[in-house]
Each structure stands twice: as C-alpha cells, then as structure tokens.
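Participant: Supplied in structure tokens, the structure appears directly below.
Laboratory data are not the source of any read-out in this text; all were calculated from the coordinates shown. Keep in mind it's a predicted model, so treat the numbers as computed, not measured. Because the Cβ atoms are built from the backbone with ideal geometry, glycine has one as well, and the counts that use them run over all protein chains shown.
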Amino acid sequence: MILCTPDLSPPRPKVRKSEMDCVFLAGSIEDGKAELWQDKAVDYLYNYRCIVCNPRKDDWNPNATEEAKQIKWEQECLSVSEIILFYFDPNTISPITLLELGMAIGQKKKIVVVCKSEYFRYTNVLETLKFHGYDPPFDTLEKGLIKVCELLSHR
C-alpha cells in the first residue's frame, strides 16, 4: 500500500494506472467529532496493492488558503480514485461527505458506503443508493473494508 495525504504527497504517486487501484477515504472528520476511522482503514488496507488517499490532517488550519488547497487535493484524488470508501459517523453531520457521495454517484464511481441507521440522514443515503442501483450501506467499517478488499482483489 502507498499512502497519500495532503501533507506527504501529490494527489497520486506516479504509478501507472494499470499497476494499482486508488482508494479514497471519504467521510466524517468534523474537527475531531468523528472517530479516527481513517486510521483503521489504512491499517486494514496495509497489505493490499493499492494507493490510499487519506484527507484527514492532524494539524488542520481552516484559513482560506489552506482550505482551498485541501479542497483541490481532495477533488484531484476523488477524480482519479477507482474506489471511494464513504464513512458517515452518526455523531456528525458530514455535509461535505454527502456532497462527495452525490458527485461519485453522478460519475458512476465504484463506491462502498458505511452508514449506521443512527446517522441523521441515513434514509437519504439508503434511498439514494437504491435509486441509483448501488448496494445499501454497510453498518460497520469492517464490513465496508471487506467489500473494498473484494473490489481490489477482482482487479
């Protein structure tokens, strides 16, 4: 696994597209309200041949310049990622994650969604996925990661 973060690397290391799939970790952060699910995902995918783009920054500085750089990095990574893992923490609102989910569905990306029924927009997420022919959301991160690994294995 190659790890891509906004601080450590460009949007995608120079690896031929045919060599590795890129997995983007899209989901709840909200200034520390969300659990550190990205760390769990990175650990889970460690032994897989893939690039993992993790947008979470420990030292987030929300000034306009930094925010613009972060948004650009995320948009670039989302555009090149073959698989996007979405995680909706029920303790958050996650409006950007909802936006990114809508964009990924519109682009017909391979997506895996983890969303517990306690999330305040669970029904919106569920019905949107169903309407567009996607699988319903998984209720645990581990189940979602198992699906990501299946997608990586069927490459």
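Participant: Rank by packing, highest mean first: peptides 52-64, 107-119, with packing defined as the count of other Cβ atoms within 10 Å averaged across residues.
Facilitator: Ranking, from highest mean packing down: 107-119, 52-64.
Participant: When the dipole is taken about the Cα centre of the chain, and only Lys, Arg (+1) and Asp, Glu (-1) are charged at their Cβ, what size is it in debye, to the nearest 20?
Facilitator: 700
Participant: What is the distance in Å between the Cα centres of the range 28-74 and the range 75-103?
Facilitator: Their Cα centres are 11 Å away from one another.
Participant: Something else about it: How high is the relative contact order of the range 2-153, given as a whole-number percent (alpha carbon pairs under 8 Å, six or more residues apart)?
Facilitator: 27
Participant: Please give the per residue volume of the convex hull enclosing the alpha carbon atoms of the range 2-153, rounded to a whole number of Å³.
Facilitator: Values: hull volume 16.1 nm³, N = 152.
In the range 2-153, the Cα hull volume divided by residue count equals 106 Å³.
Participant: Let me ask something else about it. Can you work out ³J(HN,Hα) from phi for every residue in the range 66-75, in order, using Karplus 6.51 cos²θ - 1.76 cosθ + 1.60 and θ = phi - 60°, giving whole Hz and x for Gly and Pro?
Facilitator: Listing the rounded values in order: 5, 5, 5, 4, 4, 4, 4, 4, 5, 5 Hz.
Participant: Using amide H atoms built in the peptide plane, which far-off residues or other-chain residues are under 5 Å from Y119 H to H?
Facilitator: none
Participant: What is the packing order of peptides 80-87, 136-143, taking the mean over residues of other C-beta atoms within 10 Å and listing the highest first?
Facilitator: Packing order, densest peptide first, comes out as 80-87, 136-143.
Participant: With unit charges on the beta carbons (Lys and Arg positive, Asp and Glu negative) and the dipole taken about the Cα centre of the range 25-117, which residue among A104, L36, S94 sits farthest to the positive side?
Facilitator: Value: A104.
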